[in-house]
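Peer 1: Below is a structure I'd like to ask you about.
What follows is calculated from the coordinates using simple rules that are stated; it is not laboratory data. Every value quoted in this text rests on a predicted model; they were computed, and no experiment measured them. Note that we place each Cβ from the backbone using ideal geometry, even for glycine, and neighbour counts take in every protein chain shown.
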Amino acid sequence: MSAQQGGMIEVWRGSVRQWEVDENAHWNTQYYVARANEGLAVLFGLNGLPGLFSPTSAKTIAYDEHHIRFHREAHAGTSLHMTAGFLDIGETTAFAVLMLYNSHSGQLAASFRIRLTHVDAADLKTPRLWPAAFREKVFALLVETPREALARGTGDEPVTISASRDRALSLGLRRTAMSLIEPEACDAFNRLGPQNFIGAVGGGVKQLTGPIREIVSKHAVTPPGKIGGAVLEFRILYGETPRVGDCFEIWGGLQKTDHRVMSLIFWMVDPFSGRVFGTMQSVAVVFDLDARSIVQISPAATEALAALVIEGLAL
């Protein structure tokens, strides 16, 4: 494949499947991430490391952080393609960027920046050096971060995970999900895939956002039609990797709002040991499904939502 877009190369091409569309009539966020995982595997393969995601591989990658922006809706049948490149390469770490485009219009649909570590597949924790030839090749082909992939509504500075089950209880977060990690949610190494981390959060998100949407809709200057939600941006930090058979619970809270968007924080933890599996900041909007437009958060809605904002809530 030939280099394009400042060193970016094509790593995925396909379309939105009907069963991947959610109740809001657009592509569910977890499938954006599933396709990014596929593109990442191709990116590594094209740079000399095929098979990193195979169960027979002695080494693989562990996700440290995802930053994702959703630029435009995608609907069932939409043709898409993805380009990617490496932003940085360390001795055991890498930083990649992936850009997803509508193949018909050429418009950007989503962007992904992924921090990861090369690890031993036996324990998925021990960092391993990249092969010298791979690291040299990647270093020679580093790309610059596209402007559209930069953080907008989330922070971008290094942070330490502040989540804990005890803090969730003390801060008054809402438990939005509780379940078991089934085999179909896991990758070749029996660990929860990042797309299914998002899927687990999304499965219970209305436990938190339902009352928020009602308040925004009730106090809207122009009464909306049927309301739903849409995500503009995610920042995800990964903690201990959950495996098949682990149970989890997700705690969520409203961090802040402005006239247009709201920032929500979700923590995934082990309900028994308290291990932290991951945290996510979600920048979301209330969406008028009939007009396909964002419902603005009026001053009256902001005042009503103030009682739901949890001070000091962070990743």
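Peer 1: Could you point to the label whose value was computed as mean projected area of the Cα convex hull in nm² for the structure here, given (1) 22.1; (2) 17.8; (3) 16.0?
Peer 2: (3)
Peer 1: If you stretched the chain out fully between Ser54 and His259, how much longer would it get, using 0.36 nm times the residue separation minus the C-alpha to C-alpha distance?
Peer 2: Additional length available on full extension: 69.2 nm.
Peer 1: Distances over 26 Å make up what percent of all Cα-Cα pairs in region 153-315?
Peer 2: 29
Peer 1: Then there's this: What distance in nm lies between label points placed 7 Å from Cα along the C-beta direction at Leu180 and Asp123?
Peer 2: 2.9
Peer 1: A follow-up question, please. Starting from the Cα coordinates of region 224-315, work out the convex hull volume and express it per residue in Å³.
Peer 2: Once divided by residue count, the hull of region 224-315 is 121 Å³.
Peer 1: Let me ask something else. If you only keep lysine pairs separated by 8 or more in sequence, or across chains, how many in the chain come under 20 Å at the Cα atoms?
Peer 2: Lysine pairs meeting the criterion: 7.
Peer 1: Assuming R0 = 30 Å, can you tell me the calculated FRET efficiency for the pair Ala132 and Ser162, based on Cβ-Cβ distance, to the nearest 0.05?
Peer 2: Efficiency computed from Cβ-Cβ geometry: 0.20.
Peer 1: Sticking with this structure for a sec: Relative to the compact-globule scaling 2.2 N^0.38 Å, provide the ratio for the alpha-carbon radius of gyration of region 214-271.
Peer 2: Relative to the 2.2 N^0.38 Å estimate, region 214-271 comes out at 1.55.
Peer 1: So what J values fall out for region 77-85 if you push phi through Karplus, 6.51 cos²θ - 1.76 cosθ + 1.60 with θ = phi - 60°, rounded to Hz, Gly and Pro as x?
Peer 2: Karplus values, whole Hz, x for Gly and Pro: x, 5, 7, 9, 8, 9, 10, 7, x.
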